[in-house]
Amino acid sequence: MVQWSTSVRLLGGLLGLFLLMPVLMAPTPPSMCTPLKTINDSLSHRRRYMKHNFPVNYTIRIHREEVFKLSNISKMRLQMEELDELVLQRMWFLVNQGVLKKISRVLPERHPSRSYTAELEWRLRDAEGVFVELHPAEVFQRELPDAIQDIWDCLTEEPDRVPETSWRFASPKSLLDNFCHTMHCLFSECFEATETTDCEYKPRIHVTHSLATTLK
Ligand SMILES: *[C@@H]1O[C@H](CO)[C@@H](O)[C@H](O)[C@H]1NC(C)=O
Ligand SMILES: *[C@@H]1O[C@H](CO)[C@@H](O)[C@H](O)[C@H]1NC(C)=O
Ligand SMILES: *[C@@H]1O[C@H](CO)[C@@H](O)[C@H](O)[C@H]1NC(C)=O
């Protein structure tokens with residue numbers, strides 16, 4: 001009798017754990033880490049390809065919203081309660097695809113940074129493919145919070161419809177620095193703690209806590 005109830009409890013506990021699984025895995029499934037680490041490897045050469053290969057103080061014209069740094073992430077997390085990490089991750093893909101497209105547009109065919117930029121573009125597309133596959137389709141159809149939707153609309157606006165005042169100038173290197181730092185922050189499970197120190201918010205703590213409570 002005692003044994004029976006123990007196994008029922010054990011079974012219940014396991015079932016609970018399974019039900020909890022999607023929640024636990026929401027931040028970053030491990031299979032996402034492989035393509036992101038590949039991007040991280042490419043980004044380690046960004047000084048050479050995005051600074052040394054360009055004229056001093058060279059800048060390109062980008063959307064204001066394509067400046068997406070750690071400070072933007074902490075601001076958004078602060079201002080929007082219950083902001084889904086997935087929304088920020090999707091924004092990261094969108095922003096950086098736009099940034100890479102704009103960098104590659106200023107590079108002549110034989111420029112030494114051209115193939116580097118192309119490589120980053122397809123690696124980012126690969127990572128996005130994995131990202132999309134890992135999440136149920138309805139996640140991508142969910143309505144975005146208004147403030148995020150506004151940014152989204154700006155990012156996807158036709159370039160010739162963007163008002164003059166919404167353009168910014170930034171160096172390719174600074175844009176790839178943002179690309180790299182925000183990746184470490186939004187996908188912190190894939191990177192060392194030393195790489196994510198400037199990213200204040202640590203979703204992992206909540207996850208471990210809820211798991212500990214359930215297992216008690
Ligand atoms: C990311 O790249 C940096 C070099 O820029 C390297 O030191 C670090 O170990 C890499 N992280 C991972 C998890 O591959
Ligand atoms: C580049 O920018 C720095 C800092 O703004 C400035 O001191 C320097 O003179 C600039 N160099 C050139 C070649 O424009
Ligand atoms: C990030 O913040 C800057 C201002 O610091 C702003 O111009 C930019 O649009 C923000 N980026 C996003 C994606 O909201």
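The values are calculated or read from the model by the stated rules, or taken from the named source; none is laboratory data. In this text the structure is predicted, and so the values were computed from the model without any measurement. Here Cβ is always computed from backbone atoms with ideal geometry, including for glycine, and neighbour counts include all displayed protein chains. Note: areas computed on protein heavy atoms with side chains; ligands, DNA, RNA excluded. Shrake-Rupley method; radii C 1.70, N 1.55, O 1.52, S 1.80 Å.
Between residue 74 and residue 48, the simple label model (points 7 Å from Cα in the Cβ direction) yields a spacing of 3.3 nm.
Between residue 58 and residue 194, the C-beta separation translates, for a Förster distance of 30 Å, into a calculated FRET efficiency of about 0.45.
Between residue 133 and residue 165, the simple label model (points 7 Å from Cα in the Cβ direction) yields a spacing of 4.5 nm.
The GluC sites (Glu not before Pro) of region 66-140 meeting both criteria, a DSSP state outside H, G, I, E and B (loop) and at most 11 other C-beta atoms within 10 angstrom of the site's C-beta, are 81, 82, 109. The slack between residue 41 and residue 125, meaning 0.36 nm per residue of separation minus the straight C-alpha distance, is 28.7 nm. Split the accessible area of region 27-215 by element, probe 1.4 Å, and carbon with sulfur accounts for 51%. Our estimate of slack between residue 81 and residue 157, defined as 0.36 nm per intervening residue step minus the Cα-Cα distance, is 24.7 nm.
Dipole orientation for region 45-100: of the candidates 76, 56, 100, 56 has the Cα lying most toward the positive pole (charges on Cβ; Lys, Arg +1; Asp, Glu -1). Per residue, the accessible area of region 27-215 comes to 57 Å², computed with a 1.4 Å probe over protein heavy atoms only. Taking 16 Å as the straight-line reach from the Cα of residue 37, the aspartates and glutamates in range (excluding those fewer than 8 positions away in the same chain) are 119, 121, 126, 128, 177, 189, 192, 195. Label reach from residue 109 (point 7 Å along Cα→C-beta): in region 47-63, no amide nitrogen lies under 15 Å. Since only 32, 113, 194 are under comparison, the one whose Cα sits farthest along the positive direction of the charge dipole of region 27-215, derived from C-beta charges on Lys, Arg, Asp and Glu, is 113.
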